[in-house]
Each structure stands twice: as structure tokens, then as C-alpha cells.
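> One structure is given below, represented as C-alpha cells, and several questions about it will come after.
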Amino acid sequence: MQLLLLLSLSCIAQVKPFRFAQLTDIHLNPNGSGPTEALMRSIEQINATPGIDFVLVTGDLTEQGDSHMLHEVKNCLSRLRMPYHVCMGNHETTWSESGCTAYSRIFGPEFYSFDFNGVRFLLFNTGPLLKMAYLESNRDHPAVIVTHYPLTEGDVDNWYEVTDALRRPGNVRLVIGGHYHALKPDLRYDGLPAILMRSNLPDDDGLPGYGIYEVDDKEIRAYVQRIGEEKQFVTSYTMQRADYDPQGHAEKYPDYSANEQFDHVSEQWKAQAGAAIYSSPSVENGRVFVGDDDGHVMAFRLRDGHKLWDFKAAHRVIGGPSVWHGIVVFGSADHNIYALSARTGKQLWKIEARGPVLGSVAIKDGIAYVGASDSTFRAIDVRRGKLLWAYNKLRGYVMTKPLVLPDCVIFGAWDNTLYCLRRTDGHEMWRWTGGLTRMHFSPAQVWPVSRHNRIFIVDPQRAMTSIDLQTGETIWRTFQSKVRESLGISQDGERLYAKTMQDSIVCFASQGDEPRQLWATDAGIGYEHAPSMLPERDGIVYASTNDGFIVALDGRTGRLLWKHKDGNSLTNTVVPLRKGKVLVTNTEGSVILLKARNVKKE
């Protein structure tokens, strides 16, 4: 996740002794009581332990990020007899039917600080999909940094900026986190001392556990505490001085050498939104439309990136806006679906939902289709702003962009289900679950594609599936390439494109009753999990990645044509244009127009 820290810290405050506990990765789950029981046993033991001044709860509070379980976590934590402080984990950001608005409502800010006995604690969200954190502090306290993720490459997109910013004031004494469900003491984040604590969930011996820290003006001593046992000393960290070089630098920085290797690809312009962008742009009549994490929907001039207008919704815009005949339609986490004038940005109409609207909008023949977090999928007349029908039998929330076909509309939700509804009235034609048993395996972020009377999807169980359009029955399902949530189809409909989770882009035939791989290309993109699709234009297929690469390949042969790195954060589904131009948005908040010159296909 993109993370910018403005920190200037030094040590002049006097530290008085204190103790605190750390609970992490508690994963309360609506489908099982085990995590709740583990948490309550830990709370009971913490309450019975003398001298615990407060508790840090470092993320992954819930399994599914849902509002109900966040309330349940708070109910449990309210039984602590001392104050507690919470930061978010990836399960509160990646999977959140509220678009993370419920977390702030229940627990407060996603990033904040507090002082205790001469030490400043800074807590912030390092989740991978929803929020940048900007923290300011001063120079009069030693600092303990509290996150869920470790501040390392592969976990935080701009780890190098974060560690450089944290290191220079010389005040950070320890970075505390979780995420990996295992005790990892004596870590170093580019020199900064760090610890990852074990999960509160029962270990191999069936015992929940947590961390205890004892702090004085000389050191921080870390212990692991299992239920019913004596605490076990782990290690200690100095409080007296920085044991790293404040003037040092990150050990590694992102590699942009691909931009030199493929120097015929260049940025025509680059514009900046005010916050992260989590969706693909839309284009019409020389204007580019994007929405950002602060709730802004903006129009930029395609020719030069000049901002034309800016509309502000009350909450973040996660799903992409769509445009049709001069009308821009989008949903917001503020529970509304909006329509704006593409020319002026003036609001034309608004329809209220009963929950956040996180899905991307698809428009076909003047009708907008979009799913929300209120168990409802809607069809809306774009010109009149009139609700045509609403299907309200979803069991999970919607984030994807629907596939609109002549007779039906198809989309997935975070409930293990792919839905097919009749376009005219929203009548359910079929559901597909494919035997999926975990919410996290849902086909909820993939944009489905269709050809030969079949629907194709990929899902986080790392399978590609062909489904009969008329019946919803599985024709074939393959784990051959371990694809995840990214899919595309050639313009002639004969080839399916997908990313694997390690370097490769693969191509399968859309015909046949068995999966048939046509080619696989090692694109050198490393570990990959971005839910960005693979569009094709003029025979070139484009892929974008979680660490800022855009890759172009020959759609027929898989030959790598070029790579370009636009940053070091998640790059959304790109929009290919004429004459080798490509529109790009990313979670650094950038809107970029690339152009590739003299690209030759075989």
C-alpha cells in the first residue's frame, strides 16, 4: 500500500516504566466460535495480569471485514479493564462491504497517535487496497510504530520511502506488527528494529496467545504469553539510542530498468488525484473520468491531462465510473449512485442505496448496472435517473464490473456466487458456485467474459472456469496455471488471457469442452496478485500488476512487446486507445497516458 509518513522525532522526553499487551490476527468469524473463544480467554488472562497499562490490537480483527463482526470485536474488547488501541489489517481493507467506513465509525481513525509515559505510539493502516496514511508527529518523544504489515518489500508498496522517513529522525525504537501468524523477533526494516507477534488464534498445542512488552528508559523487553502458562522472554530492544544509522538509506529501491530497456514507451502526460485510485478510467469525447479514495470524481482532458472539473461525493469511490452519451455514472461508499454531466461535472441525479456502492458501473443501451453492499443489484435508466429493477437476493457485496450481454447481466459477489440475471426485469436465470466453500474464494473481483455461448471466470482458488451461458453448469475448470482474479479476452473472442501469481501471463482457447492452453509467457513481473484485467486492442494484450508494471504482448503468440513501470503500487485495469496509447491509473493516485512507438507484432 502507498504510505507517506511525515515524521520528525527525537528523544528528550523522560520515559517512565510501563507494560502493555499486544493482540493480533484475532480473525473473528461469523462461521465459527473458535476465534471468539480464543479472544475472550486472552482478554480474561490480560485482565488478571497485574500492571498491564493498555493493549495494542494490531489488525485482522475479523475474517471477512464485515460490519457485524467488527461490532462483535468491539464488544469483546470492551471487556478489557484497561484502554486499548486498534489498527487495521488487510482483512479490514481488502474485504470490507462498507468500503472501510464501518471501521472508522466503530473504532475511530485509520491512523492516529497517543502518548504514554514519555513514549509516542503511532498506529496506521498499511492494508493493501484502501487507505494511504499520513502521520505527523514532533521531536520530543521516542516512538513505537504500530502496523499490521511488516514494512518490507512485497508488503508495503513504498517500504523504502517509509523506512527512510522513519529512520532519519532517529527516534523510532521499535516497529510492532502481526500478519504472518508467527513470532518473528529481531527483524530489521532497513535497519529499524521490529517484531511480528504470533496470532491470537490457537497454536499447534491448541493454546491462544499474545505479546507482553515491558518498557523503561533503558529497553523494551518482549514476551510471548500463552494461555495458562508463564510468559516466555523473547528479546529486548534499546530505548536509550537509535541502534541504526539515522542518515542511512533503504537497502533496496524499486527497479525501473525496464523503462530504459523499452525506451520507445513514454509518458505523454501524468496527472495526480488527491488520493489513491482503485478503478479503471473511462473515456468519452476527449475526456478521461476517474474516481479516488477521497470521494472525488474528476475529468481530465485526454490530450494533455489538464483537469477539467472535480466533483466530491461524501465518501470514497472504489468502483470505476462509466460514461454514456455525456453522462458519467458511479457509486460511492456514501450509499449513493450518482450521475454527472460529462462536460461540466454538475450532478444530474442521485439514487440512494441502503449500503455502500463499491461496484464498478457497466452501461449498455442507456441502462446502468451496478451492485452494492445492501444485497442488491440495480438497473437504472441513465437519462432519467429512474430505477428500472432491483435484485435483492445477494448474499454478499459486489465490487466487480458486470458483464452485460444481449439477454442477461452476469457478475460475482463476495458470497462464492456468480449470478446471471435477465436484463429486462432482473429475474434470476441461474447461480454458479462451483463448489466454493470459502468467502475468500469468491469470483468477486474478476470481470467475466463471454464467447461461444459460455461464460469464463477466474477466482482466488486459482482456477479458470468455463460455464454454460444458458444453464450455469460448469463445462470445465482447471487449476493448471494457478491464475487468480485477472482475466481478458481477445477482440475476436477466441483467446482468453490471465495472469498467474508468479511471473507468467497465459493464454487459453475459448473453444472446446476441455481447457487448452495456447501459450505462456514469463513476463518477469514477479509475485502478482492485482485484480486487474487484461484488455486487448489491435492484437496487443495488456496486463498491469500490483507493483506498477504495464506489460504488452502479442495476443496470438504471447511475445513480449514491451514493459513499463509507472510506480511501485497497484496499477488498475488499463484502457488501450488508438495508435499505441494506453490510459493508466494506480493507487499512488496517478492518471497517466502512455504511448508506445513502432511496436511490431509477428
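The values are calculated or read from the model by the stated rules, or taken from the named source; none is laboratory data. Nothing here was measured: the structure is a model prediction, and the numbers come from that model. Cβ sites come from the backbone with ideal geometry, for glycine too, and all protein chains shown count toward neighbours. These area figures cover heavy atoms from the full protein model, side chains too; ligands, DNA and RNA do not enter into them. Shrake-Rupley method; radii C 1.70, N 1.55, O 1.52, S 1.80 Å.
> In debye, nearest 20: dipole of the chain around its Cα centre with unit charges on the Cβ of K, R (+) and D, E (-)?
Roughly 1880 debye for the chain.
> R0 = 22 Å: FRET efficiency of residue 354 with residue 529, Cβ-based, nearest 0.05?
0.10
> Also, quick follow-up: In whole percent, how big is the carbon plus sulfur part of the accessible area of the range 404-445, probe 1.4 Å, protein atoms only?
Accessible surface attributable to carbon and sulfur in the range 404-445 totals 48 percent.
> While we're looking at this one, here's another question. Given the peptides 543-549, 154-160, arrange them by the average over their residues of other C-beta atoms within 10 Å, most packed first.
543-549, 154-160
> Roughly what would the spin-label model give for residue 68 and residue 395, points 7 Å off Cα along C-beta, in nm?
Taking the two extended label points, one gets 1.2 nm.
> With a 1.4 Å probe and all protein chains left in place, how much accessible area per residue does the range 465-602 have, in Å²?
Per residue, the range 465-602 has an accessible area of 35 Å².
> HN-Hα J couplings of the range 404-409 from phi, Karplus 6.51/-1.76/1.60, θ = phi - 60°, integer Hz, Gly and Pro as x?
Once rounded to whole Hz, the list reads 9, 10, x, 10, 8, 10.
> Using only DSSP helix segments of four residues or longer, with each worth -39500 (n - 2.57), what per-residue ellipticity at 222 nm results for the chain after dividing by its residue count and rounding to 500?
-2500 deg cm²/dmol
> Using 0.36 nm per residue, how much length does the chain from residue 252 to residue 598 gain when fully extended, once their Cα-Cα distance is taken away?
Gain in length upon complete extension: 121.2 nm.
> Can you tell me the 0 to 90 degree angle between the C-alpha axis of helix 34-47 and the longest principal axis of the chain, rounded to 10?
30 degrees
> I've got another one for you. Counting only protein heavy atoms, what percent of the accessible surface of the range 163-298 is carbon or sulfur at a 1.4 Å probe?
Carbon and sulfur atoms account for 42 percent of the accessible area of the range 163-298.
> State, in angstrom, two size descriptors of the range 462-562 derived from its alpha carbons: Rg to one decimal place and Dmax to the nearest whole number.
Answer for the range 462-562, Rg first and Dmax second: 13.0, 40 Å.
> Residue-wise, which Karplus ³J(HN,Hα) couplings in Hz belong to the range 435-442, taking 6.51 cos²θ - 1.76 cosθ + 1.60, θ = phi - 60°, and x for glycine or proline?
x, 5, 10, 10, 3, 5, 8, 4
> Still on this structure, I have one more. Which residues' amide hydrogens lie under 5 Å from the amide hydrogen of residue 183, considering only partners 5 or more residues apart or on another chain, with H built in the peptide plane?
Placed amide hydrogens put 198 under 5 Å from residue 183.
> Just one of [x] 194; [y] 167; [z] 143 is volume of the Cα convex hull per residue in Å³ as worked out from the coordinates here. Which one is it?
[z]
> Can I ask one more? Can you find, among 510, 125, 521, the residue sitting farthest towards the positive end of the charge dipole of the chain, where Lys and Arg contribute +1 and Asp and Glu -1 at Cβ?
It is 510, whose Cα lies furthest towards the positive end.
> Where nothing but the Cβ of Lys and Arg (+1) and of Asp and Glu (-1) is charged, how large is the charge dipole of the range 293-412 around its Cα centre, in debye to the nearest 20?
Using Cβ point charges on Lys, Arg, Asp and Glu, the range 293-412 gives about 220 debye.
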